[in-house]
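Student: If you scroll down you'll find the structure; I have some questions about it.
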Amino acid sequence: MLKAGVLGAGHLGKIHLRLLNQSNKYELIGFYDADAENAKRVAEEFGYTYFDTIEALIDAVDVVDIVTPTLSHYDCAKQAIKKGKHIFIEKPITNTVEEAETIRTLVAEHGVKGQVGHVERFNPAFIGVKEQIKNPMFIECHRLAEFNLRGTDVPVVLDLMIHDIDIILSVVNSPVKHISASGVSVVSETPDIANARIEFKNGCVANLTASRISLKNMRKTRFFQKDAYISVDFLEKKCEVVKMKDAPENPGDFDMILQNAEGLKKQIYFDNPEIQNNNAILDELETFADAINNNTKPIVTLHDGTEALRVANMIINQF
C-alpha cells in the first residue's frame, strides 16, 4: 500500500480523503489545509490526521494528492516532486501552461509519476464507448450546471469546459488548427457561459458549450463519424451507439433500412454497450497507484493535463 496524503480539505478534498481511506491500494496518512479552522473540523469529524505544515505531510507520504485551489497547484506540486514524491493533481493541472511544463520537467528529473484529475475519463458511460469512437469528424458538447459559488474564481472554461476539452483531445488524434470562441460574464467577474469551436488539422470540428448559470444540469457529448453516431451522457451515465452498415439483400421485417439519393441502402442498428457502474474518483486514484506500482504510464498524464490547459487558455484568450 502506498502512503498517501491530501493537500486541501474542501468539498472535493474531503471526497478524496474518504476514498483514499477506504482504498486497499493506499494507506491514508493524513492531510493539510491552509484554513486551520476547517482542518480542525475535518480532523474532529472524520478522524483523519491533520498536519500543521505542507512540508511535514509531504515528508510522511509516498503520494501527494493535490486538491487545493488551482493557484497553489504549482507550488504544492513543486515541493512534493523535489522531495521525490508522486503527485496526483486536480484539474486544471496548474494556473499557467508554463507552470505545467515546469512540473513535467521536474517529474522527469526526479523520476516520479504524475496524474491529472480529469475524472470524466473514468466515467462508465465514456469507458463503455471509447473503443468505438474512431476518427470522429464532428463533436458536440453541452456541459450546463446550476449556479454554485464554488468554482466562480475561475472562468467557466477552466471550471467546466476543460472536462470536455480533455475528452475531445483524448479521442481526436490531430493537432488543433483554429479556435473561435465567445464568453459572457453574467453573475461573476469571469465568463459564466462560453461557446468554443475547435477545428483540427484532420478536418474534425468540435463545438463546446459550457454554462454555470443554467436552470438544469446537463453533461452530454455526441460524436459523429463515418457510419456511426455515439452519444454519451456523463451525468446520467448512459450511452447510445447508432451504427450503419450495408443493407442485407433480403432485410427482415424489423430491419431499419435507409436509402440515399444515389440508391445506396444502409441498415441502421443499435450497438449499446453495457455500462459497468463505478466510482470514477476512486478509479482514477487507484489506477494511479497501479501506474506507480507497475511502473506504467498513468491514464491521464501530465502531458494530457498540460494540453487541455493549453487549449482552454486559447479559448479564454478569444474572449
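Student: Could you list all residues from the stretch 287-299 that are open to solvent by 90 Å² or more (accessible area, probe 1.4 Å) and in a loop (DSSP other than H, G, I, E, B)?
Tutor: Of everything in the stretch 287-299, those that are open to solvent by 90 Å² or more (accessible area, probe 1.4 Å) and in a loop (DSSP other than H, G, I, E, B) turn out to be N295, K297.
Student: Can you work out which of the residues in the stretch 260-286 that are open to solvent by 40 Å² or more (accessible area, probe 1.4 Å), in contact (Cβ under 8 Å) with a residue 60 or more places away in the chain and touching a strand residue (DSSP E or B) at 6+ places or on another chain (Cβ under 8 Å) is nearest to D164 (Cα to Cα)?
Tutor: Going through the qualifying residues, I end up with I275.
Student: Scan the stretch 196-208 and report the pairs whose first residue is surrounded by fewer than 23 Cβ atoms within 10 Å (Cβ to Cβ) and whose second residue is hydroxyl-bearing (S, T, Y) and assigned to a strand (DSSP E or B), with Cβ atoms within less than 6 Å and a gap of 6+ or a chain change.
Tutor: Going by the 6 Å Cβ cut-off, the qualifying pairs are R197/S180.
Student: Looking at Y48, Y74, which one is under 23 Å from I162 (Cβ atoms) and either hydroxyl-bearing (S, T, Y) or without any contact (Cβ under 8 Å) to a residue 60 or more places away in the chain (or both)?
Tutor: Y74
Student: Might you check whether a residue that is assigned to a loop (DSSP other than H, G, I, E, B), in contact (Cβ under 8 Å) with a residue 40 or more places away in the chain, within 15 Å of E120 (Cβ to Cβ) and open to solvent by less than 70 Å² (accessible area, probe 1.4 Å) occurs anywhere in the stretch 222-238?
Tutor: Yes, because at least one residue in the stretch 222-238 is assigned to a loop (DSSP other than H, G, I, E, B), in contact (Cβ under 8 Å) with a residue 40 or more places away in the chain, within 15 Å of E120 (Cβ to Cβ) and open to solvent by less than 70 Å² (accessible area, probe 1.4 Å).
Student: Return the residues of the stretch 300-319 that are closer than 19 Å to L71 by Cα and assigned to a loop (DSSP other than H, G, I, E, B); say none if nothing qualifies.
Tutor: N317 - this is the single residue of the stretch 300-319 that is closer than 19 Å to L71 by Cα and assigned to a loop (DSSP other than H, G, I, E, B).
Student: For the stretch 105-122, which positions are under 15 Å from I66 (Cβ atoms) and in a helix (DSSP H, G or I)?
Tutor: Hits for the stretch 105-122 are L106, V107, V119.
Student: Let me confirm something: among V67, V42, which residue is under 20 Å from the mean Cα position of the chain (by Cα) and either touching a residue at least 24 places away in the same chain (Cβ under 8 Å) or buried (at least 22 other Cβ atoms within 10 Å of the Cβ) (or both)?
Tutor: Selected residue: V67, the only one of V67, V42 that is under 20 Å from the mean Cα position of the chain (by Cα) and either touching a residue at least 24 places away in the same chain (Cβ under 8 Å) or buried (at least 22 other Cβ atoms within 10 Å of the Cβ) (or both).
Student: Moving on. Return the pairs, sorted by first residue and then second, in which the second residue is small (G, A, S) and assigned to a helix (DSSP H, G or I), the first residue lies in the stretch 98-111 and is within 13 Å of K85 (Cα to Cα) and at pLDDT 95 or above, the beta carbons are less than 7 Å apart, and the residues are 6+ apart or on different chains.
Tutor: I103/A77
Student: Taking E55 and the conditions (1) open to solvent by 60 Å² or more (accessible area, probe 1.4 Å); (2) closer than 18 Å to L12 by Cα; (3) acidic (D, E), which numbered condition does it fall short on, given that it satisfies the others?
Tutor: (2)
Student: Continuing with the same structure: When you scan the stretch 105-132, how many residues do you find that are more than 23 Å from N294 (Cβ to Cβ) and either open to solvent by 20 Å² or more (accessible area, probe 1.4 Å) or over 17 Å from the mean Cα position of the chain (by Cα) (or both)?
Tutor: 3
Student: Could I ask something else about it? Considering the stretch 73-96 alone, what residues qualify as being more than 19 Å from the chain's Cα centre (by Cα), in a helix (DSSP H, G or I) and not aliphatic (A, V, I, L, M)?
Tutor: D75, C76, K78, Q79, K82 - these are the residues of the stretch 73-96 that are more than 19 Å from the chain's Cα centre (by Cα), in a helix (DSSP H, G or I) and not aliphatic (A, V, I, L, M).
The values are calculated or read from the model by the stated rules, or taken from the named source; none is laboratory data. Values in this document were obtained by computation on a predicted structure and should not be read as measured data. Neighbour counts are summed over all protein chains in view; Cβ atoms, including those assigned to glycine, are modelled from backbone coordinates with ideal geometry. In case anyone asks, the SASA skips ligands and DNA or RNA and just uses the protein heavy atoms, side chains included. Shrake-Rupley method; radii C 1.70, N 1.55, O 1.52, S 1.80 Å.
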